[in-house]
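The values are calculated or read from the model by the stated rules, or taken from the named source; none is laboratory data. Everything numeric here is computed off the predicted structure, so don't read it as measured data. Because the Cβ atoms are built from the backbone with ideal geometry, glycine has one as well, and the counts that use them run over all protein chains shown.
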Amino acid sequence: MSTRRRQPSRMQQAVDFPLDWLEERSGLVGGVKYFLFRKVPADTNWMQTLGSATLTAFLVQTVTGVILAMYYQPTPNDAYASIVNITDHVTLGWLVRGMHKWGASVFIILMFLHMGRVFLFGAYKYPRELNWVLGVLLLVMGMAEGFTGYLLPWDQTAYWASVVGINLNGTAPFLGPWLAQFLRGGQDIGAETLARFYSLHMLVIPGAIFALIGLHLYLVIRLGVTSPPWSKEAAGADRADEPSQLREGLTRPAARGAGESE
Amino acid sequence: MAAGKPSAVDERRAQFARYKQDVKARGKSFYPFAMFEDTVMSLVVVTVIVALAAVWKWTAWAPHHLGTHQGLLGPEYTAPADPGTTNFVPRPDWYFYFLFYLLRIFKWPETVFLGTVGVPTIALILLIALPFYDVRRERRLSRRPVAVVGLVLTILSMAILTWKGATASEALASEVIADVPNWISAEKLPPAAVPGAKLFAVAGCTACHTYLGTGSSNLGAPDLTTIGTRNLGIAFQIRHLQCPSCVNPGSPMPKFASLGTTRLHELAVFLEASKGKK
Amino acid sequence: MNPDEMPDEPHLPSPSIWPIGFAIGIAVLLVGLIIDPLWISTIGGLIAVVFGVLWARDATSELRGKPVAIEPERRQAAPAGEDAPLQELSAERYPRSKFLEGTTLGLGAVIGGIITVPVAGFAVLPGFVGQKQHKVDLGPVSDFADGQWYIATFMLDPSEGEVSRRTTFIRNNGPLTVKGKQVPSFTIISNHCVHLGCPVQANGPSGAILGLKTLTETGKNGKVTLTPTVPAGFGCPCHGGQYDTEGNRTAGPPVRALDRYEYEIDNGRIVLLSTYSVAHVDGTGAQAKIQKYKPVGPGEHIDGIEQIFYPLNPPHH
């Protein structure tokens, strides 16, 4: 064994030192390592990349949306002109707006495909029920992003789609008319409506989506990824030759909070 | 618990414990094995988004340097919002087409709120509650017939609603004018009847009458595809258009005398030339 | 369980029904601000104060040394011999941890209230109170030929710009004799579909095709245009609603007749006032009998059994 092997190289030290420094003070490195090197079933397949693809599409929306906000003006008299300016005059504005516009469609399609995958795999079953509920809430929030964002270009399609969308809520029994008036910020669609849709679209709903994604991922990591149900080696499959004692031993529920400590 | 058959709750707990064991014993590390596939898929997604944006821009803008030009993927933007519009036909974004068409299905006033909030709310509740009414452990599709049928029906109905929503049209001047060339070729209309055909399309006749399947029959007015075979004569047609109830007592059709004799003559020529599909 | 740990067990305030009454009071107060600040808000305020005081008394009863009536703490019973003295101890001396729990929760609620109430009010209330009423001058009555329909577009409030542009269908019904005097009569129908608010179109030729001139006038209310039209009725481009020329539904999903505008004749000029909703119109033109209601949103039933779904409406002008 050479001395070079026992002593880490300068290069290695230069990498390790800041990481160790960070780990000692935050534990973040360990957290990331746990996330990256956790075990997933050996038989996962390409359909199971749809969730992370959805996350990517959402991140595209976040980044492009933040940049668009630098050029967009949320008032009825200026909104349309600022959209024309972004799309046709600002350098690469068409690309950022185009990515945001089409990324929205891609994001919604991916959410539905991801949901279809989870349904096909039966991956919403015990113990992952809550993650299904979180996913449906994310779908609703995603559709709400689509609805509130659609008004912002302030063109004919945008305006009238929003008129119908708001009045749809207005037909809900009892509270509907109040909800519709709240969404409009008055009895008619106007400057208040555009401003509050803008606020909902870029602050309120994305905030909720980030929080829900955090919980969604936390549960994915805690509960693990399912094997395809048709897999011969599906993790957790029934074992015909399993001794009954082992079965009984396993039926005892773990103590609260001890689930991870196996 | 030691004696007898284990309960359903025990069985699913046992299964999850087995899952944890199996993953620990035989699983692969998320990084790099699963993450590689995730990364490739994300690259595809980002590429598709950029490609869509590029196709959208270059087919809509490049030909005429006009943002409202209809490219392959639609215009960059439509005309500015006009809350007082008199000719705009509103349509939602494609992913709300299913809801849009659902609203057209519930065309009785008593059922409006079923389409607007009733059905969507029930569907959402069924969706959220899925893991709480489908509590069996079974995950193999061959043994989940109800789930498979439900999925197929859901996809089919969403696809049909979306398709119907995308192709829905109303008998309005702005849309009917596009059908005039079909009328000319289907009925072999002579050139003299063409101005009348265009007038017929934009003058709102199709709000009550139908012509070769275009228009609305909601109000019970007769189909005019073969009106020319009755050989009523141009003079009669003009008199009828000027004052329908004078010629045909009790007719609810409004008077079109204000169109002027030239236009009424054009309309009459068109109607007399309409002798059905040839 | 080790009895020594017991004082540090998490302890929640005992259940109380007063907060519910307090919340109802606040809700009534806020709703009252919209509907009737004088009476309903006062009643709501009284309810909130009474229940608030009762709640405060209830919450502080332990501090004031009164015995607590309800204390169903879910603890495992400790051996009787050891447990008895401890309970006596906590009854006579109030533990510091419980005081801190109570104040922390209470202060947290106060902070939450201080932030939430004004912010929620700011977000919600302005949309409901102080809604402006508009008057729109459409020009001299002489612009409108007898029996002719016009599509009128105008701005409700030119200071807001194009966003306040509206369209109505107007027909001059000719002079009407009221108490021996001749007064002009108009039918003024809003173009907002009462299904979901889409822009209703006239089913018939309009404008140049009729050989009639479109009038344009620029006045207090921006550019007003009057386009002559000959409608057989009105049709909605969204979901297929159809109306006759009095605005009654003839087909499709609309839940009532088209809304109408009130109007007045001022110095020979026609001035639009607020809108109202219509259940049904019998008869036509000047002789029409209009079943008039307060203005409500699209899709809301105002007569028939379905009206029970919409018992209370936000204020409209």
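Give me the residue from region B:27-65 that is part of a loop (DSSP other than H, G, I, E, B) and exposed (fewer than 13 other Cβ atoms within 10 Å of the Cβ) and, out of that set, nearest to the other protein chains (Cβ to nearest Cβ). It comes out as B:H65.
Of B:K57, B:K24, all but one fail to be out of contact with any Gly (no Cβ under 7 Å at 6 or more places or on another chain) and modelled with pLDDT of 90 or more; the exception is B:K24.
Screening the candidates B:V194, B:V247, B:V202, B:V269 for the property of being closer than 15 Å to C:P205 by Cα, out of contact with any Leu (no Cβ under 6 Å at 6 or more places or on another chain) and either surrounded by 16 or more Cβ atoms within 10 Å (Cβ to Cβ) or among the hydrophobic types (A, V, I, L, M, F, W, C) (or both) yields one hit, B:V202. Checked against (1) at pLDDT 90 or above; (2) outside the structural domain of C:A23 (by TED's automatic domain parsing), C:G106 passes all but condition (2). Determine if region B:227-249 includes at least one residue that is of a type in the set (S, T, N, Q) and assigned to a loop (DSSP other than H, G, I, E, B). Yes: region B:227-249 contains one or more residues that are of a type in the set (S, T, N, Q) and assigned to a loop (DSSP other than H, G, I, E, B).
Is region C:287-301 home to any residue that is under 19 Å from A:T171 (Cβ atoms) and in contact with a Leu (Cβ under 7 Å, 6 or more places away or on another chain)? Yes, some residue in region C:287-301 is under 19 Å from A:T171 (Cβ atoms) and in contact with a Leu (Cβ under 7 Å, 6 or more places away or on another chain).
The residues of region A:59-99 that are surrounded by 20 or more Cβ atoms within 10 Å (Cβ to Cβ), touching a residue at least 40 places away in the same chain (Cβ under 8 Å) and among the small types (G, A, S), listed by number, are A:G65, A:A79. Suppose we keep only residues that are more than 9 Å from chain C (Cβ to nearest Cβ) and assigned to a loop (DSSP other than H, G, I, E, B) within region B:203-219. Which one would you say is modelled with the lowest pLDDT? Filtering region B:203-219 for residues that are more than 9 Å from chain C (Cβ to nearest Cβ) and assigned to a loop (DSSP other than H, G, I, E, B), the one modelled with the lowest pLDDT comes out as B:S217. Flag: B:D134 matches the condition of being at the interface with another protein chain (Cβ under 9 Å from one of its Cβ atoms), over 19 Å from the mean Cα position of the chain (by Cα) and not β-branched (V, I, T). With respect to (1) more than 25 Å from the chain's Cα centre (by Cα); (2) of a type in the set (A, V, I, L, M, F, W, C); (3) part of a helix (DSSP H, G or I), the lone exception for A:F174 is condition (3). Of the numbered criteria (1) facing chain B (nearest Cβ under 9 Å); (2) modelled with pLDDT under 95, the one A:E129 fails is (2). Within region C:298-308, the set of residues being without any contact (Cβ under 8 Å) to a residue 40 or more places away in the chain and either under 11 Å from C:S277 (Cβ atoms) or surrounded by 15 or more Cβ atoms within 10 Å (Cβ to Cβ) (or both) comprises C:Q307 only. Those strands (runs of 3 or more DSSP E) of region C:124-225 in which 3 or more residues are β-branched (V, I, T) and touching a strand residue (DSSP E or B) at 6+ places or on another chain (Cβ under 6 Å) occupy C:165-178, C:181-190.
Conditions (1) over 20 Å from C:P175 (Cβ atoms); (2) touching a helix residue (DSSP H, G or I) at 6+ places or on another chain (Cβ under 6 Å); (3) modelled with pLDDT of 90 or more, marked per residue:
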| site | (1), (2), (3) |
| --- | --- |
| C:A257 | yes, no, yes |
| C:R260 | no, no, yes |
| C:G283 | no, no, no |
| C:Q291 | yes, no, yes |
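Could you list, in sequence order, all residues of region B:255-266 that are modelled with pLDDT under 80 and surrounded by fewer than 21 Cβ atoms within 10 Å (Cβ to Cβ)?
Once the filter is applied, which keeps residues that are modelled with pLDDT under 80 and surrounded by fewer than 21 Cβ atoms within 10 Å (Cβ to Cβ), region B:255-266 yields B:K255, B:A257, B:S258, B:G260.
Against the conditions (1) in a loop (DSSP other than H, G, I, E, B); (2) over 30 Å from A:Y126 (Cα atoms); (3) modelled with pLDDT of 90 or more, B:W163 satisfies every one except (1). Checked across region A:166-177, the condition of being at positive phi and crowded, with 22+ Cβ neighbours inside 10 Å holds for no residue. Within region C:249-273, work out how many residues are assigned to a loop (DSSP other than H, G, I, E, B), in contact with a Ser or Thr (Cβ under 8 Å, 6 or more places away or on another chain) and away from chain B (no Cβ under 13 Å). Residues meeting the conditions: 1.
Tell me which residues, restricted to region B:241-256, are more than 15 Å from B:G204 (Cβ to Cβ) and within 14 Å of another protein chain (Cβ to nearest Cβ).
B:Q242, B:C243, B:S245, B:S251
For region A:148-164, a tally of residues being in a helix (DSSP H, G or I), more than 7 Å from chain B (Cβ to nearest Cβ) and surrounded by fewer than 24 Cβ atoms within 10 Å (Cβ to Cβ) returns 2. The residues of region C:274-290 that are of a type outside the set (D, E) and away from chain A (no Cβ under 14 Å), listed by number, are C:V278, C:A279, C:H280, C:V281, C:G283, C:T284, C:G285, C:A286, C:Q287, C:A288, C:K289, C:I290. Residues that are farther than 26 Å from B:E272 by Cβ and more than 13 Å from every other protein chain (Cβ to nearest Cβ) are absent from region B:188-202 altogether.
Output the residue which, of all residues in region C:192-203 that are over 11 Å from C:Y150 (Cα atoms) and touching a Phe, Trp or Tyr at 6+ places or on another chain (Cβ under 8 Å), is nearest to the other protein chains (Cβ to nearest Cβ). Within region C:192-203, the match that is nearest to the other protein chains (Cβ to nearest Cβ) is C:N203. Screening region C:291-305 for residues that are within 16 Å of C:P254 (Cβ to Cβ) and of a type in the set (A, V, I, L, M, F, W, C) and picking the one that is farthest from the other protein chains (Cβ to nearest Cβ) gives C:I302.
Find the residue count for region C:161-178, including only residues that are without any contact (Cβ under 8 Å) to a residue 40 or more places away in the chain, away from chain B (no Cβ under 13 Å) and farther than 18 Å from C:D137 by Cβ. Residues in region C:161-178 being without any contact (Cβ under 8 Å) to a residue 40 or more places away in the chain, away from chain B (no Cβ under 13 Å) and farther than 18 Å from C:D137 by Cβ: 3 in total.
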